[in-house]
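Trainee: Below you'll find the structure I mean.
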Amino acid sequence: MKNLKIVFTLIFFVFAVQSFSQTGDVTKEPGYVDFGDLTAFEKSTGVTEVILEEELLSVLASISDEKDPNIMSILSGLKLVRATVFEVSDENKGELERRVNDIDSRLSNSDWKRIVRTRSESEIANVYIKLENNKKIVGLVVTSFESGNEAAFVNIVGKIDLATIGKLGKKFNIPTLDNVESEK
């Protein structure tokens, strides 16, 4: 009976460790950025949201293995791909522009490095990367605002290769990512 308890305890421990390792809290990752509560903008007429978490990215990596090995290598190191795009209207224009500027200010004053910045009368776009030990990219953030068009908030968490990240945007039709490799 004592051995049975030990076996059940070991089995429980193995499953607990396995479950914990598979469902880590991505918000604790160094490449994660909290854009705040965006639900107020979901009432606009055009909303696109893409959320690919680690488990789904792993499945997509295994599916892509045969067709495009480069996509597998991109996806295998990722923990989260999140892109939210809102249509800009007269009602949400000021708040969306303020949100993009607030995120830009917050990232500029932290250890994120801006690699792209576009500013004009009607457009704002920023691309930031987060480096781990100044060597490996572990986070990517894209924020953009175009008056009369759309605002986008993108966060990719995990090991990232900028030379191939544009392929990810094209493959999964993630707005603003398809231009990253050409703008770096």
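Trainee: For region 74-116, which residues satisfy the criterion of being aliphatic (A, V, I, L, M) and over 30 Å from K136 (Cα atoms)?
Mentor: Selection gives V88, L96.
Trainee: Another question, if that's okay. Would region 86-94 turn up any residue that is closer than 25 Å to I51 by Cα and surrounded by fewer than 15 Cβ atoms within 10 Å (Cβ to Cβ)?
Mentor: yes
Trainee: Check off (1) hydroxyl-bearing (S, T, Y); (2) surrounded by 18 or more Cβ atoms within 10 Å (Cβ to Cβ); (3) at pLDDT below 95 for S182 and give me the number that stays unchecked.
Mentor: (2)
Trainee: So which of K93, K67 is at pLDDT below 90 and of a type in the set (K, R)?
Mentor: From the options K93, K67, the qualifying one is K67.
Trainee: Another one. Six or more apart or on different chains, Cβ atoms under 6 Å: show the pairs whose first residue is in region 36-59 and within 19 Å of V141 (Cα to Cα) and surrounded by fewer than 14 Cβ atoms within 10 Å (Cβ to Cβ) and whose second is modelled with pLDDT of 85 or more and not β-branched (V, I, T).
Mentor: I51/R82
Trainee: Does at least one position in region 16-33 carry a residue that is more than 20 Å from the chain's Cα centre (by Cα), more than 22 Å from E146 (Cβ to Cβ), in a loop (DSSP other than H, G, I, E, B) and modelled with pLDDT under 65?
Mentor: No, the conditions are met nowhere in region 16-33.
The values are calculated or read from the model by the stated rules, or taken from the named source; none is laboratory data. Only a predicted model underlies this, so the values are computations on that prediction, with no experimental measurement involved. We place every Cβ from the backbone using ideal geometry, glycine too, and count neighbours over all the protein chains shown.
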